[in-house]
1. Express in nm, to one decimal, how much length is gained between Gln135 and Lys276 on full extension, taking 0.36 nm for each residue of separation and deducting their alpha carbon distance.
2. Which of Ser218, Ser305, Ser124 moves most in a GNM of the chain, Cα contacts under 10 Å?
3. What's the center-to-center distance, using Cα atoms, between the stretch 162-230 and the stretch 242-276 in Å?
4. Work out, step by step, the length gained on full extension between Met142 and Asn169: first 0.36 nm times the residue separation, then minus their alpha carbon distance; give nm to one decimal.
5. Only sites in a loop by DSSP and with at most 10 other Cβ atoms within 10 Å count here; which GluC sites (Glu not before Pro) in the stretch 277-339 make the cut?
6. Compute the FRET efficiency between Asn104 and Asp222 as 1/(1 + (r/R0)^6), taking r as their Cβ-Cβ distance and R0 = 56 Å, and round to the nearest 0.05.
7. Say the cut-off is 26 Å between C-alpha atoms; which of Lys94/Lys114; Lys25/Lys280; Lys25/Lys307; Lys53/Lys167; Lys94/Lys167; Lys94/Lys332 go over it?
8. How much area per residue is accessible in the stretch 41-125 when the probe is 1.4 Å and only protein heavy atoms are counted (Å²)?
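The values are calculated or read from the model by the stated rules, or taken from the named source; none is laboratory data. Only a predicted model underlies this, so the values are computations on that prediction, with no experimental measurement involved. Neighbour counts are summed over all protein chains in view; Cβ atoms, including those assigned to glycine, are modelled from backbone coordinates with ideal geometry. Surface areas here come from the heavy atoms of the whole protein model, side chains and all, with no ligands, DNA or RNA. Shrake-Rupley method; radii C 1.70, N 1.55, O 1.52, S 1.80 Å.
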Amino acid sequence: MSKTVLLAGGAGYIGSHTAIELLNKDFDVVIADCHYNSSPIVYERLEEITGQKIKHYDIDVADMQAMRQVFEENKIEAVIDFAGYKAVGESVQKPLMYYENNLNTTFSLLHLMKEYNVANIIFSSSATVYGMENQSPLVESMRLGPCTNPYGWTKLMNEQILMDEAKSNTNLSVVLLRYFNPIGAHASGRIGEDPKGIPNNLMPYIAQVASGKLQQLSVFGDDYDTHDGTGVRDYIHVVDLAKAHVLAVDYAAGRKGSDVFNIGTGVGYSVLDMVKAFEKVNSLTIPYKIAPRRAGDIATCYADSTKAKELLGWEAEKNLEDMCRDTWNWQKGNPEGYR
Ligand code: WQD
């Protein structure tokens, strides 16, 4: 009998890719998602890729009464909490919406897990919890914060809530995954990143310049203390990130308490490195201009993922060329995303 994993917010970018990797490892998958930042078209794409119909509930994860049906109807072994809103800029504009949703979704899941005796939760956290002062390579044991935006604070708060709950509820097993910069898409090109409106993040913006949807990339600052003056980040292929979740589900099942892992490649690339790689791999040109720095940005951020390698048995397998090729393959085939 396959173990069932509930993907809360699982119709989104990371969740949909994780669903495929779980199914590949013979888990059963159930998705609960209100589609605030995802499309129901994902379900038919997942069925197309995996040949399996995905059981899903169009529910707001923060609505505990509605979510009770999911726990009633499915014997859930583990929950993966992808249900946080994730746009940094939007979180600055709408802090209350971010605190309310990103904390209430986790509260809802924790209460129902306790009520239905579900022991394991994997939480989608972010390197943003390291704040502005820590120097890369970033290590899990570093002091955290202060965060530069409400989105980051919700991740830090949820980490603390989950760790404290795991101390008090001895049946609970919590794994926190700190994502670095997820990019790329499934090799099929049938699922991928589908940001609402103008993309905030670098790679989807580059992809829309490549497709002609946007005219020119603005490089936010070329006077940082980096090899070429532009911001350096640890970009990780979304499929590698998805595989980390599968290993985290197994790891959580074998223990109690909480643990935390950086999920990054450990290699930093600058904005101009990314532009050049994307142009080379896909034989095209990305027009850009140098623009002022973006508030809240740091010069350099990349992971030390030794702990994930040693304890999860995880390491990134895909390289920058894979990330650029798979991003473009998705963008070419879906210029308007899932719309
Ligand atoms: C990367 C680099 C920019 C856009 C954020 C969140 C993190 C996660 C990923 C949710 C930086 C530069 C960007 C552009 C540019 N969020 N850039 N022109 O800021 O590292 O991380 O997104 O999952 O939690 O903090 O990612 O892609 O926005 O920026 O020059 O149009 O690209 O300055 O150096 P970031 P990003």
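1. Result for the pair: 48.2 nm of gain on full extension.
2. Sorting by GNM fluctuation, first place goes to Ser218.
3. 13
4. Here the segment from Met142 to Asn169 would lengthen by 7.2 nm.
5. Glu336
6. Calculated transfer efficiency: 0.85.
7. With Cα atoms farther than 26 Å apart: Lys94/Lys114; Lys25/Lys280; Lys53/Lys167; Lys94/Lys167; Lys94/Lys332.
8. Accessible surface, normalised per residue, equals 47 Å².
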